[in-house]
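Each value in this text was obtained by applying a stated rule to the coordinates, not by laboratory testing. Source: prediction; values computed, not measured.
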Amino acid sequence: MPSLGPKDISRELQHAATGSAKRSPPSVTSDTQQPQPKRQKTQKHERSMDEAEVEVFRERILSNRECDWSAVVRMLEQVGTKWIEHSQVAKRTTTDWRALESGERMEGSKILKQKRAKDLLRATQREQAMLLRTAARYVTVTLAYSSAASKAKIPQSEQFEKIRRSLIGLRRTRTSLAVTVADIENYLEEIHNLRADKQRLQQANDELERDLELWKNKTQQRSEEATRLTQQPDELRLAETDVQRQLAEVRRQLEEQRQPIQLYSLVLGKFFRMNE
């Protein structure tokens, strides 16, 4: 395989940084899913530590430009050890996500699963950045101490070939991690969409419940009105019976009053006939 030149290395490093997996659009989270202030403070603190570490590394390179090749080899070995560590962590996060995705570790509530997915997403994204930084350090050390390699009779083509292999490994690993990141983001976005659908369905159900209660009240009112109208004939019949009873009582009283008058008329009639 042909070795790479400095421009090729820069281009390969840029390409490895982007990865080749297609990323899904960032998911939109609800208010309850927004990062808490404490978490933002922690992430800011981590970035500050990372930036400080980068500055220390740069100062170390600039202040040790004349070291011999054995010291350079030790530095490269340290960078290689870091690469292995981050590669193992990256592989473990991908394995954990696949297990969570396939349902092998589905104990607990949905909230805990979602939290676990978010933790894996942050861990995977961090390992992406750390792998890129580690590969960049390997390239930086190799190029910064090229004179020491020349003094040690190390061919430049051999140095560039090692860089090329490290960049190929970086690209493969970051491509795999990019797929994992995209899968987790899609999973979290799907959860958000399902939650939004559930909220819309709940709102529609609440509206139906209110409409049902309204119609129930109207039906109850109409039922009471129908009952009242049904009871009116009975009330009228009772009133008519009461009137008939009162009329009968009046007739009886009138009859009782008429009998003495009739008797008195008979007596007067007899009296006038006797005096004729």
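If the viscosity is 1.306 mPa s and the temperature 10 °C, what translational diffusion coefficient in µm²/s does Stokes-Einstein give for the range 68-127 when Rh comes from Kirkwood over Cα pairs?
Details: Rh = 13.4 Å.
Rounded, D is 118 µm²/s.
For the range 159-214, what does the alpha-carbon gyration tensor say about shape, rounded, prolate or oblate, given a ≥ b ≥ c as the root eigenvalues, a/c under 1.5 as rounded, and a/b over b/c as prolate?
In terms of gyration-tensor shape, prolate.
Which of rounded, prolate or oblate describes the range 105-215 when judged by the alpha-carbon gyration tensor and an a/c cut-off of 1.5?
It is prolate, given that a/c is not under 1.5 and a/b is the larger ratio.
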